[in-house]
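Have a look at the structure below, then the notes.
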Amino acid sequence: MVKVDWDSRAKEGVAHQAVIDPGDKSGLKNALIDRIQWSQIHEWVGRRKSVLDFGCGVGRFAERIARTGVLYHGADASQEMIEVARRLHGDGPAVFKRVDGPTLPFDAGSFDGCLTVYVLQYLKTSDGAQLHRTVAELARVLTTDGELLLIEQASASEGCSGSVSEAATEQDYRDALASHFDVTEVRRIRCGNLSRLSSLFIQHGERLPLRSSIEGLLARREASIAENLTPERLQLLTYYELCIVATKRGAP
């Protein structure tokens, strides 16, 4: 079983290296992946009043979310990640808390939005118990009709990246959400391996003018490629990234 030392990962580099790919020394690959993910998050955040970033790492979304006027709380099990997040964002309004154990240190109904990126994929086990318990706890701290946005690895081929122990399917996430949430959106946002054009950009992009504009175009292209994959093509991928938006179901 793979076990990631997140306290050590917190020291890999500022923001992206710590939580995406620690081997990306130029930062171009991680920046592109972050751009793809943020494109799914930013409009959703604009409809929120308060957001829990569960598994916030070093708080790479904190400043961007807080800048919209949304009340931001980041929570993570790694003390080192939380300490780095506080150093990076200590002058802003973001609040960071370390979580220890299955119960979150927040009252029921504290947030109308919850964000998880690269978190639930590490909780998949053969019986699904840990994933289901975590989703139930996220539902508890959300208001009725609050929304959960998750970005996680999924696979149709039983494959996963090297840091993930057990592959999860789209249906695994749907099943975990089913007791507490109604799924409203499902989008495939990138393939595990980026396209050849993006790979060329990662290799040579430091020398290119208008790098940010090119990165934005590539981010949209990667999302389009993933969204239009056929079931047959999905089965050829080791994994892909999935964005799911789900609304907390009210009491019966």
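The values are calculated or read from the model by the stated rules, or taken from the named source; none is laboratory data. Here the structure is a predicted model, which is why all the values come from computation and not from measurement. Every residue, glycine among them, receives a Cβ derived from its backbone with ideal geometry; neighbour counts consider all protein chains shown. What goes into the accessible areas is simple: the full protein's heavy atoms, side chains included, and nothing from ligands, DNA or RNA. Shrake-Rupley method; radii C 1.70, N 1.55, O 1.52, S 1.80 Å.
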**Report entry** Point-to-point label distance, Ala178-Glu83, nm (Cα→Cβ direction, 7 Å offset)
**Finding:** 4.3
Query raised in the report: Radius of gyration and Dmax for the stretch 151-237's Cα atoms, expressed in Å?
Result: 15.6, 50
Query raised in the report: For Asp145, Asp7, what's the largest-to-smallest order of accessible area, 1.4 Å probe?
Result: Asp145, Asp7
Report task. Read phi for every residue in the stretch 161-172 and hand back ³J(HN,Hα) as whole Hz from Karplus 6.51 cos²θ - 1.76 cosθ + 1.60, θ = phi - 60°, with x for Gly and Pro. Result -> 6, x, 8, 9, 7, 9, 5, 10, 9, 4, 5, 4
Requested in this report: Quick one: pull the percent of accessible area on the chain belonging to carbon and sulfur, 1.4 Å probe, ligands and nucleic acids left out.
Outcome: 50
Query raised in the report: Once label points are set 7 Å from the Cα along Cα→Cβ at both Arg196 and Ser26, what is their separation, rounded to one decimal in nm?
Result: 1.7
Report summary line: HN-Hα couplings for the stretch 66-83 via Karplus (6.51, -1.76, 1.60; θ = phi - 60°), in whole Hz with x for Gly/Pro, come out as 4, 4, 7, x, 7, 6, 10, 10, x, 9, 8, 7, 8, 5, 4, 4, 5, 5
Query raised in the report: In square angstrom, what is the accessible area per residue of the stretch 191-252 with a 1.4 angstrom probe?
Result: 61
Query raised in the report: How big is the accessible area of Thr184 in square angstrom, nearest 10, if you roll a 1.4 angstrom probe over the protein chains?
Result: 80
Query raised in the report: So what is the 222 nm mean residue ellipticity for the chain from helices alone, if each DSSP H run of at least 4 adds -39500 (n - 2.57) and you divide by all residues, rounding to the nearest 500 deg cm²/dmol?
Result: -10500 deg cm²/dmol
Report summary line: Largest fluctuation, Asp53, Asp112, Asp127 only, Gaussian network model of the chain with Cα springs under 10 angstrom, belongs to Asp127
Report summary line: For the stretch 56-62, in residue order, the Karplus 3J(HN,Hα) values (coefficients 6.51, -1.76, 1.60; θ = phi - 60°; whole Hz; Gly and Pro = x) are 6, x, 8, x, 5, 9, 4
Query raised in the report: So how strong a dipole does the stretch 71-149 carry about its Cα centre when Lys and Arg Cβ are +1 and Asp and Glu Cβ are -1, to the nearest 20 debye?
Result: 160
Query - Segment Ser165-Thr143, length gained on full extension (0.36 nm per residue, minus Cα span) - result: 4.7 nm
Requested in this report: Please give, to one decimal in nm, the separation of the simple spin-label points placed at Ser39 and Thr230, each 7 Å out from Cα toward the Cβ.
Outcome: 2.4
Report summary line: Under 5 Å from the placed amide H of Gly74, counting only residues 5+ away or on other chains, we find Asp53, Val95, Phe96, Lys97
Requested in this report: Report, ordered by chain and residue number, the lysines lying within cross-link reach of Lys11, taken as a straight Cα distance under 18 Å and ignoring same-chain residues fewer than 8 apart.
Outcome: Lys3, Lys25
Report summary line: Note on the chain: the mean projected area of its alpha-carbon convex hull, in nm², is 13.4
Query raised in the report: Near the amide H of Cys114, under 5 Å away, which other amide H atoms are found, from residues 5 or more places off or on another chain, if H is placed in the peptide plane?
Result: Leu52, Glu147, Leu148, Leu149
